[in-house]
Amino acid sequence: MTRDEIFAALGLEDVNSGGYAGGWLATTGALIEVGNPTTGSTIGSVQQCSEDDYEKIIESAQETFREWRMLPAPKRGEYVRLIGNALREKKEALGALVSLEMGKIQAEGEGEVQEMIDIADFAVGLSRQLYGLTMTSERPRHRMYEQWHPLGVIGVISAFNFPVAVWSWNTFLSAVCGDTNVWKPSSQVPLSAVAVTRICHDVMEGTGFEGVFNLLVGSGRTVGDRLINDRRVPLISATGSCNMGEKVGVAVAKRLGRSLLELGGNNAVVVLDDADVDVVTRAVLFGAVGTSGQRCTTTRRLIVEKGIKDEVSKRLVAAYQQVRLGDPLDSATLMGPLVNEQAVNNMLTAIDVAEKQGGKVLTGGKRVDTDLGGYFVEPTIIEIRGDADVVQEETFAPILYLIEAQDVHDAISIQNGVRQGLSSAIFTDSMHSSEQFLSHQGSDCGIANVNIGTSGAEIGGAFGGEKETGGGRESGSDAWKAYMRRQTNTINWSSELPLAQGIEFG
């Protein structure tokens, strides 16, 4: 699809409002010119929100919450079901927009929209399963149980690398839980957020619940700081760097609010001598090169037992040299551009630092000039020590550090020896080694896999990590509980008033 076809299918204009408060605002903030990372050209523009726009958006979310929370959860789920169906109809166009604006290949762009559809389906089922427990009371003729109530206005801050999917993880679940939402997308990719909000508006228009899904495009200084410090917003869910998460976490904690943080990864794959090298090669290639290395679950460290290291290295170097770079909307492309010039500079700086710290570039390592222009680089493998300083940091780019390990114990120690703890994987045919990797003395990450890579998590499981990754959980399992408040209830249906713990008073 061309840019004009994408815009027409999604109702986008050359200049778009960046504020939605139950209806589109005539926003008054500065204009963002949105660039195409493949060519460097401008795709379109978004008018950012001002301080006054911010107040209108929060007030819209608050006002709608008062009515939305009282709608039965299955009826809330029905609206999410309709949005999921609308996304099905717009999947190709929205996926193409994600590719155009962010730079991931179209298969991944459409996959991101499919993830939204999947989580919508999950949320519809969840709307009939917001369970509480019943406990036995120690007092006669008393009943004790717990229930879950809607929390309020949820602030969702999303990152550039997943322009739409991560928003849906938070918003569809919190919506069926009875919350309303304010979405602050990355200023790098605001058009995708505008397009999704238009889809939501088309479904919700005329229902009286237009203010469930609100949009707040703007700078951190103008609206972002207000959002994270606003006591009217009891939960901030933020995806981004560890530095950003620290700022958000401190601000929200200072007002005793809740934060759900999904931050840096620095993920590792452990490969033992008995691993299937063909499977390893395919898994690591996608994990390290997919989305041009710009996923929070990207494979950044490959920790290989010494007996198999040379074979793994040889296979991967050959595979890397066959990766086709180019226009992400071309179906033959395997790797698109990085998101902007700063991302290219960060990658080249990290490669230079790695070489100074004893690293050896096995393949890649350079910027690529193409007829398209844009921000293209070679996917890169660097052999290096596991304790090198540069390996401890996450560079959001297609750099894979190849590290030798003596055995499974050494490999797990190297893997856990960084401050981040999102995703991890081990490749082995040994039950002993795989179970050790999944045990209390194994991987310290929020996600631990056996014989599959670090990237491409399914929506059915809770997603998130430990340590500096933030500790938050989104998507499946019981992640919905983050968006609700728990209440314990005791009902006395006797004519007496016994106290707990056998206390006598009076």
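Would a scan of region 125-139 turn up a residue that is open to solvent by less than 60 Å² (accessible area, probe 1.4 Å) and within 30 Å of GLY224 (Cβ to Cβ)? Looking for residues that are open to solvent by less than 60 Å² (accessible area, probe 1.4 Å) and within 30 Å of GLY224 (Cβ to Cβ), one finds at least one in region 125-139, hence yes.
Write out, first by first residue and then by second, each pair whose Cβ atoms fall under 8 Å of each other, whose residues are 6+ apart or on separate chains, and whose first residue, in region 100-118, is part of a loop (DSSP other than H, G, I, E, B) while the second is surrounded by fewer than 20 Cβ atoms within 10 Å (Cβ to Cβ) and acidic (Asp, Glu). Cβ pairs passing all conditions: none.
A residue that is of a type outside the set (Lys, Arg), in a loop (DSSP other than H, G, I, E, B) and surrounded by fewer than 20 Cβ atoms within 10 Å (Cβ to Cβ) occurs somewhere in region 353-361.
Residues in region 280-304 that are assigned to a helix (DSSP H, G or I), under 17 Å from SER423 (Cα atoms) and not polar (S, T, N, Q): VAL280, ALA283, VAL284, LEU285, PHE286, GLY287, ALA288, VAL289, GLY290, GLY293.
Answer with yes or no whether PHE376 is open to solvent by less than 50 Å² (accessible area, probe 1.4 Å), at negative phi and of a type in the set (Phe, Trp, Tyr).
In short, yes.
Filtering region 379-395 to residues that are within 17 Å of VAL317 (Cα to Cα) and either open to solvent by 30 Å² or more (accessible area, probe 1.4 Å) or in a helix (DSSP H, G or I) (or both) leaves only GLU383. Residues in region 482-506 that are of a type in the set (Lys, Arg) and either within 28 Å of THR281 (Cα to Cα) or touching a Leu at 6+ places or on another chain (Cβ under 9 Å) (or both): 1 in all.
For the subset of region 460-506 comprising residues that are assigned to a strand (DSSP E or B) and hydroxyl-bearing (Ser, Thr, Tyr), which member is most open to solvent (accessible area, probe 1.4 Å)? Ranking the candidates gives THR488 first. Checked against the criterion of being crowded, with 22+ Cβ neighbours inside 10 Å and out of contact with any Cys (no Cβ under 9 Å at 6 or more places or on another chain), region 69-76 contains not a single residue that satisfies it. From the list ALA318, ALA332, pick out the single residue that is part of a loop (DSSP other than H, G, I, E, B), among the small types (Gly, Ala, Ser) and without any contact (Cβ under 8 Å) to a residue 24 or more places away in the chain. The match here is ALA332. When residues in region 1-38 are screened for being within 26 Å of the chain's Cα centre (by Cα), in a loop (DSSP other than H, G, I, E, B) and among the hydroxyl-bearing types (Ser, Thr, Tyr), 1 of them pass. Quick one: would you say VAL270 is buried (at least 24 other Cβ atoms within 10 Å of the Cβ) and more than 25 Å from MET102 (Cα to Cα)? Spelling it out, VAL270 is indeed buried (at least 24 other Cβ atoms within 10 Å of the Cβ) and more than 25 Å from MET102 (Cα to Cα). Residues of region 71-87 that are assigned to a helix (DSSP H, G or I) and not aliphatic (A, V, I, L, M): PRO74, LYS75, ARG76, GLY77, GLU78, TYR79, ARG81, GLY84, ASN85.
Only residues that are farther than 20 Å from TRP169 by Cβ and either open to solvent by less than 10 Å² (accessible area, probe 1.4 Å) or of a type in the set (Asp, Glu) (or both) were counted in region 225-251, giving 3.
When region 410-442 is filtered for residues that are among the polar types (S, T, N, Q) and either more than 21 Å from ASP274 (Cβ to Cβ) or in a loop (DSSP other than H, G, I, E, B) (or both), the ones remaining, listed by number, are ASN416, GLN420, SER423, THR428, SER430, SER439, GLN441. Within region 251-279, being of a type outside the set (Val, Ile, Thr), assigned to a helix (DSSP H, G or I) and either in contact with a Gly (Cβ under 6 Å, 6 or more places away or on another chain) or within 22 Å of GLY224 (Cβ to Cβ) (or both) holds for ALA251, ALA253, LYS254. Taking the criterion of being open to solvent by less than 10 Å² (accessible area, probe 1.4 Å), among the small types (Gly, Ala, Ser) and not in a strand (DSSP E or B), the residues of region 144-193 that qualify are GLY152, SER158, ALA165, SER168, SER174, ALA175, GLY178, SER192, ALA193. If the condition is being crowded, with 24+ Cβ neighbours inside 10 Å and over 25 Å from LYS360 (Cβ atoms), then region 396-425 contributes GLY421, LEU422, SER423.
Only one entry in SER313, SER331 is more than 14 Å from THR38 (Cβ to Cβ) and surrounded by fewer than 18 Cβ atoms within 10 Å (Cβ to Cβ), namely SER331. Between SER259, SER187, the distinction of being farther than 26 Å from VAL34 by Cα and touching a residue at least 60 places away in the same chain (Cβ under 8 Å) belongs to SER259 only.
The values are calculated or read from the model by the stated rules, or taken from the named source; none is laboratory data. The model shown is predicted, which means the values in this text are computed figures rather than measured ones. FYI the Cβ positions are ideal-geometry reconstructions off the backbone, even for glycines, and counts take in every protein chain you see. SASA here: full protein model, heavy atoms, side chains in, ligands and nucleic acids out. Shrake-Rupley method; radii C 1.70, N 1.55, O 1.52, S 1.80 Å.
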